[in-house]
Amino acid sequence: MKLNVLAVAVITAFAVGTANAAVPESWTVGGAAGWAHGFDHSFPSVDDGEKLKFKDDGYGIKLYGEYNFTNWFGLGLGYNFIGGQKLKATDVNTGETDTQKMHANIGEMYGRFAYPFDNNGSDVFFKVGPSFNWFSSGETKFKLGAVAGIGAQWAITRNLALRGGFDYFYRAAKEDVRIDEGLLYVGFQYTFGGPAAPAPVQKVKASQTHTLDAGVLFPFDSAKLSADGQSAVANVVQSANSMENPEFEVYGYTDRIGTDAYNLKLSDKRADAVSAELQNNGVTPKVSDGKGKANPVTGNKCDGVKGRKALIDCLAPDRRVEIVVTGETTATK
């Protein structure tokens, strides 16, 4: 049984060793108590006329300290006191009995491997390592053994946690006594140290204005979006991925050629066409509006231009669709 327990312990350690665990670069101290039980025990009889009976149930107290080197591995030191067990010797001839109280003192050093539930230290874990045992029944002897255990801990806060588990101590007695001890325990622990909490991320309002050339988006005097126009709208959506909670506003503009009513209607259609393409890219604009010939970027630059074709070319910057994107971004120093 003991060999099977240790074999499973080693295999489990390798199985979970690459997982994450408690708060890295931190110290943990704790205490626990619970039920103890003696396994696989045998005692030498003083003579053939004695009958021995071992009360194998008792109690245990545990103190431990650990250091978490990384987010998945730590080393620990612990002390365990197991008491409440008794050895009763009965003389088969006279019926006289002699009862000795027995207790075990077990020091342990172990590696702790864990798998997390959160970033505060809640996890399930496995531990394995050597133990140094002295088992008293009227005298004290020392013995080297081993410990393997499983458990779980739940972080009440980042510092305080509840831990429960089961430890199996192999060879927890003196040379002429054969006994393994098991301890089922529950207790509390306190963790301190570890990396400083990251500073809160400051968010700031940000705005982007994308001016798209109507000559790229649409054929002249048309509101049908071209393939190049579709690509241009997709690029705007992609550029907004750096923002949190982005909102889109779409405004269409024409040049001054034509009547005000016609230009307003055309700019509305172009704004709607771009808005529809934004929706095809998973974005619903907050505003879609046509401004007609308002807010020309050419100003009076083209006032002296002669000829319709030359004027159309000069006024090209006025024929546009603006996509205004507002959202939040991380502040940088």
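The values are calculated or read from the model by the stated rules, or taken from the named source; none is laboratory data. Note that the structure is predicted; figures quoted are calculated from it, not measured. Virtual Cβ from ideal backbone geometry, glycine too; neighbours counted across all protein chains shown.
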Discussion item. I need every pair where a residue in region 103-119 that is more than 13 Å from Trp72 (Cβ to Cβ) has its Cβ under 9 Å from the Cβ of a residue that is assigned to a strand (DSSP E or B) and among the basic types (Lys, Arg), sequence separation at least 6 or different chains.
Written reply: Glu108/Lys127; Tyr110/Lys127
Discussion item. Being assigned to a strand (DSSP E or B), over 19 Å from Gly38 (Cβ atoms) and either touching a strand residue (DSSP E or B) at 6+ places or on another chain (Cβ under 8 Å) or modelled with pLDDT under 95 (or both): is that true of Val147 here?
Written reply: no
Practice prompt. Identify all residues within region 234-284 that are part of a loop (DSSP other than H, G, I, E, B) and within 47 Å of the chain's Cα centre (by Cα); write none if there are none.
Written response: Met243, Asn281, Gly282, Val283, Thr284
Practice prompt. Exactly one condition in (1) of a type in the set (Gly, Ala, Ser); (2) in contact (Cβ under 8 Å) with a residue 40 or more places away in the chain; (3) outside any helix (DSSP H, G or I) is not met by Gly304; state its number.
Written response: (2)
Discussion item. Closer than 30 Å to Gly151 by Cα, surrounded by 13 or more Cβ atoms within 10 Å (Cβ to Cβ) and at pLDDT below 90: is that true of Gly187 in this structure?
Written reply: no
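A quick yes/no check of all residues on (1) polar (S, T, N, Q); (2) loosely packed, with under 15 Cβ neighbours inside 10 Å; (3) closer than 29 Å to Trp27 by Cα:
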position	(1), (2), (3)
Gly76	no, no, yes
Gln100	yes, yes, no
Ile106	no, no, yes
Val124	no, no, yes
Pro130	no, yes, yes
Asn133	yes, no, yes
Arg158	no, no, yes
Worksheet, complete the sentence: Matching residues in region 272-323 (surrounded by 15 or more Cβ atoms within 10 Å (Cβ to Cβ) and on the phi > 0 side of the Ramachandran plot) number 1
Practice prompt. Considering every residue within region 324-333, establish whether at least one is surrounded by 15 or more Cβ atoms within 10 Å (Cβ to Cβ), under 13 Å from His210 (Cβ atoms), in contact (Cβ under 8 Å) with a residue 40 or more places away in the chain and polar (S, T, N, Q).
Written response: yes
Discussion item. Consider region 59-95. How many of its residues are part of a loop (DSSP other than H, G, I, E, B) and either in contact (Cβ under 8 Å) with a residue 24 or more places away in the chain or outside the structural domain of Glu25 (by TED's automatic domain parsing) (or both)?
Written reply: 6
